[in-house]
1. Under 5 Å between amide H atoms, partner at least 5 residues away or on a different chain: which partners does A:VAL31 have, H built in plane at 1.01 Å?
2. Once the convex hull of the C-alpha atoms of the range A:57-100 is built, how many Å³ does it hold per residue, rounded to a whole number?
3. Quick one: Karplus J couplings for the range A:4-15, per residue in order, coefficients 6.51, -1.76, 1.60, θ = phi - 60°, nearest Hz, x for Gly and Pro?
4. Greater than 22 Å separation of Cα atoms is the criterion. Which listed pairs, A:LYS82/A:LYS106; A:LYS24/A:LYS124; A:LYS7/A:LYS71; A:LYS70/A:LYS107; A:LYS70/A:LYS124, meet it?
5. How large is ³J(HN,Hα) for each residue in the range A:91-108, as worked out from phi by the Karplus curve 6.51 cos²θ - 1.76 cosθ + 1.60 (θ = phi - 60°), to whole Hz, x for Gly and Pro?
6. How large is log10 of I(q)/I(0) for chain A at q = 0.10, 0.17 Å⁻¹ when the intensity is taken from the Debye formula with one equal scatterer per alpha-carbon?
7. Binning every alpha carbon pair distance of the range A:1-91 at 10 Å from zero, what are the percents per bin?
8. May I ask for the net charge around A:TRP144, where only other residues with Cβ less than 12 Å from the Cβ of A:TRP144 are counted and Lys, Arg are +1 while Asp, Glu are -1?
Amino acid sequence: MRYWLLKSEPDAYSIDDLAREPTKSTGWTGVRNYQARNFMRDQMAVGDLAFFYHSNCDEPGIVGVVKVAKKAYPDPTQFDAKSKYHDPASSRDDPRWLHVDVKFVKKTPPVSLAELKKHRALAKMRILQRGNRLSITPVDPAEWEFILGLMDRA
DNA sequence: GCCAACGTTGGC
DNA sequence: GCCAACGTTGGC
């Protein structure tokens with residue numbers, strides 16, 4: 001099993017939105033980046049765990065943990081003409097965009113981006129690299145454990 | 001709101 | 001296949 005970090009803008013979809021339906025499997029819709037799609041398609045397995053990260057907000061950082069609940073399948077929003085994720089170039093025969101389902105695990109003490117930057121053990125995280133915009137990134141097991149440790153201390 | 005970094009598009 | 005132009009992301 002692998003570990004991941006999933007970004008979401010809390011204005012669009014926050015950890016609280018997910019926590020509101022703790023038993024439900026929620027489609028991680030709207031990913032329109034090939035690298036991120038490929039992570040979901042090729043590497044994400046049911047049971048994988050991911051940090052839920054709030055981006056583009058007052059206090060960017062990790063705010064929870066989620067679990068992959070269903071392996072990659074076509075993202076329905078690409079076929080929905082009313083969706084802002086609509087992709088007219090994609091067809092049902094050959095869907096361009098796939099996504100996994102996730103399930104709420106827990107909210108965690110927030111670990112801010114500023115906090116993550118303080119630790120040498122995390123220096124290689126994709127999220128901390130300059131100019132990084134990928135909304136889905138792998139997290140090393142050692143990094144995962146380290147961040148859980150930060151939460152325990154909080 | 002600014003702007004650097006990045007991905008995508010499309011003309012050639 | 002190159003690369004300039006454009007749109008988006010996301011921290012600040």
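1. none
2. Details: hull volume 4.8 nm³, N = 44.
Spelled out: Cα convex hull of the range A:57-100, divided by residues, is 109 Å³.
3. In residue order, the calculated couplings are 9, 10, 10, 8, 8, 7, x, 5, 8, 7, 10, 4 Hz.
4. Details: A:LYS82/A:LYS106 32 Å; A:LYS24/A:LYS124 33 Å; A:LYS7/A:LYS71 18 Å; A:LYS70/A:LYS107 20 Å; A:LYS70/A:LYS124 29 Å.
The answer is A:LYS82/A:LYS106; A:LYS24/A:LYS124; A:LYS70/A:LYS124.
5. 10, 5, 5, 9, x, 7, 10, 10, 8, 9, 9, 10, 10, 4, 10, 6, 7, 10
6. -0.35, -0.99
7. Going from the shortest bin to the longest, the percentages are 15, 46, 35, 4.
8. Values: positive: A:ARG2; negative: A:ASP48, A:ASP140, A:GLU143, A:GLU145.
Value of the local net charge: -3.
Any read-out appearing in this document is the output of simple, stated calculations on the displayed coordinates, not a laboratory observation. Nothing here was measured: the structure is a model prediction, and the numbers come from that model. Counting neighbours? That spans all protein chains shown, and the Cβs are built from the backbone with ideal geometry, glycine included.
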